[in-house]
Amino acid sequence: MASSHHFALLVASFFLLSSLFIPSTATTRKLTALVQQQPLVLQYHNGPLLKGNVTVHLVWYGKFTPAQRAILIDFILSLGHHLHAPSVPSWWKTTEKYKGGFTGLNLGKQTFDENCSLGKFLKTPQVARLARRGDHRRAITVVFTAKDVAVDGFCMSDCGTHGSAKADPTGKTKFAYIWVGNSETQCPGQCAWPFHQPIYGPQTPPLVPPNGDVGVDGMVINLATLLADTVTNPFDNGYYQGPSNAPLEAVSACTGIYGKGAYPGYPGELLVDKTTGASYNAVGIRGRKYLLPAMWDPTTSACSTLV
């Protein structure tokens, strides 16, 4: 069973709803954080952070094409490369400003469960069970679920989560894990915005996804959010604002912001690929382009964007 688990990323539609002043406790906090005049401050709660070299193990639950897996794997690999800004590693570098310094993410083992051994509707304990497979020493396990797999809370209150669970029956050690779902057919207007028109709010044209896959390019945004939130608040006692079971964290505190001038319903000024028309703000390995969310910068107490 998961010993600690909380929602780390609210769906984009709820963020848009907040711009229309429809009540929602969590989203009201997010909107307030974005428009308040005083600095947004994530308090450090004196718990351990994930610093140094950390291995990222992957669990693929359901069917993903090789091209889809490559988009996500290349993003993880890009985090450790030296690329000219604006780039994936220059985005990740902000995590070094949190106490403890450098966090290097390295790709670890991959586990494939294409036949969905636990069924196609998962609850939190089952996600933790999938994540428990393998070595958890200085590691994060990421569970990716395919577009036809439903997860408790998916599209209702979150697009992905991070939490921690017991590594063994004794409960003496915990490990951090992440779940991210492919929203292509279930709720792209919520979890793949701005690559799909939102269900609510301003109906501006969706952006062209940089890797040509609305669902998986949306997964990159959610994965990026959760990786940063996990290393800076792995066990609910790191950096966050608000209650520990529904916190604003390193990136979830900056929901909906991707470029300069962003506001609810508008992601901000972005770079555009002249050939494909795709919008992006970060370059990765193999010429990949990605759209990455803003991250809270402890040195400025503000959400920092790449462009």
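Peptide packing: for 143-151, 129-137, the average count of neighbouring Cβ atoms within 10 Å per residue gives the ranking 143-151, 129-137, highest mean first.
Could I get the Rg over Rh figure for the stretch 109-173? Both from C-alpha atoms, Rh via Kirkwood, rounded to two places. Mind dumping the intermediate values first?
Values: Rg = 12.4 Å, Rh = 13.0 Å.
Taking Rg over the Kirkwood Rh, I get 0.96.
Long hydrophobic helices in the chain: the complete DSSP H runs spanning 20 Å or more by Cα along their own axis with mean Kyte-Doolittle hydropathy of at least 0.5 are 214-232. Only lysines eight or more places from Lys51 in sequence, or on another chain, were considered; those with a Cα closer than 19 Å are Lys93, Lys97, Lys99, Lys174. Across the stretch 137-181, Cα-Cα pairs more than 17 Å apart make up 41 percent of the total.
Computed from the alpha carbon atoms alone, the convex hull of the stretch 92-232 holds 138 Å³ per residue.
Tell me the per residue accessible area of the stretch 186-279 using a 1.4 Å probe; a whole number in Å² is fine. Numbers along the way, then the final one.
On the way: 3180 Å² over 94 residues.
Per-residue accessible area for the stretch 186-279 comes out at 34 Å².
Is it possible to state the helix-based mean residue ellipticity at 222 nm for the chain, with each DSSP H run of 4+ residues giving -39500 (n - 2.57), the sum divided by total residues, to the nearest 500 deg cm²/dmol? What is it?
Numbers: 7 runs with 68 residues, N = 307.
Helices in the chain give a 222 nm mean residue ellipticity of -6500 deg cm²/dmol.
By accessible area, using a 1.4 Å probe on protein heavy atoms only, the chain has 56% of its surface on carbon and sulfur. Applying the Karplus relation 6.51 cos²θ - 1.76 cosθ + 1.60 with θ = phi - 60° to the stretch 136-145 yields 3J(HN,Hα) values of 10, 6, 6, 9, 10, 9, 10, 9, 9, 10 Hz, where x marks Gly and Pro. Across the stretch 59-163, Cα-Cα pairs farther apart than 17 Å form 62% of the total.
For Lys63, a cut-off of 24 angstrom between C-alpha atoms picks up these lysines, skipping any fewer than 8 places away in its own chain: Lys109, Lys120, Lys123, Lys147, Lys289. For the stretch 166-307, the relative contact order works out to 19 percent when only alpha carbon pairs closer than 8 Å and six or more residues apart are counted. Peptides 267-277, 71-81 ordered by packing proxy, namely the average of other Cβ atoms within 10 Å per residue, highest first: 71-81, 267-277. Dipole magnitude for the stretch 167-249: about 160 debye, using +1 per Lys or Arg Cβ and -1 per Asp or Glu Cβ, origin at the Cα centre. For Cys116, the residues whose amide H sits under 5 Å from its own are Gly62, ignoring neighbours fewer than 5 places away on the same chain, with H placed 1.01 Å from N. From the P(r) of the stretch 204-304, could you give the percentage of C-alpha pairs in the tail past 16 Å? The proportion of pairs with Cα distances above 16 Å equals 60 percent.
What is the dipole size for the stretch 257-297, taken about its Cα centre, with +1 at each Lys and Arg Cβ and -1 at each Asp and Glu Cβ, in debye to the nearest 20?
Working: 5 positive and 3 negative charges, 45 e Å.
So the dipole magnitude of the stretch 257-297 works out to roughly 220 debye.
Per-residue packing, averaged as other Cβ atoms within 10 Å, sorts the ranges 254-265, 221-232 into the order 221-232, 254-265, beginning with the highest.
Rounded to the nearest 20 debye, the dipole magnitude of the chain is 620 debye, with +1 charges on Lys and Arg beta carbons, -1 on Asp and Glu beta carbons, and the Cα centre as origin. Averaging the sequence gap over all C-alpha pairs within less than 8 Å and six or more residues apart, then dividing by the number of residues, gives the chain a relative contact order of 27 percent.
Which log10 I(q)/I(0) values, to two decimals, does the chain give at q = 0.08, 0.10 Å⁻¹ under the Debye formula with one point per Cα? Debye output, listed in q order: -0.30, -0.48.
The values are calculated or read from the model by the stated rules, or taken from the named source; none is laboratory data. Please read these numbers as outputs of a predicted model, since none were measured by experiment. Methodologically, a virtual Cβ is constructed for each residue, glycine included, from the backbone with ideal geometry; neighbour enumeration extends over all protein chains shown. Heavy atoms of the whole protein, side chains included, go into the accessibility calculation; ligands, DNA and RNA do not. Shrake-Rupley method; radii C 1.70, N 1.55, O 1.52, S 1.80 Å.
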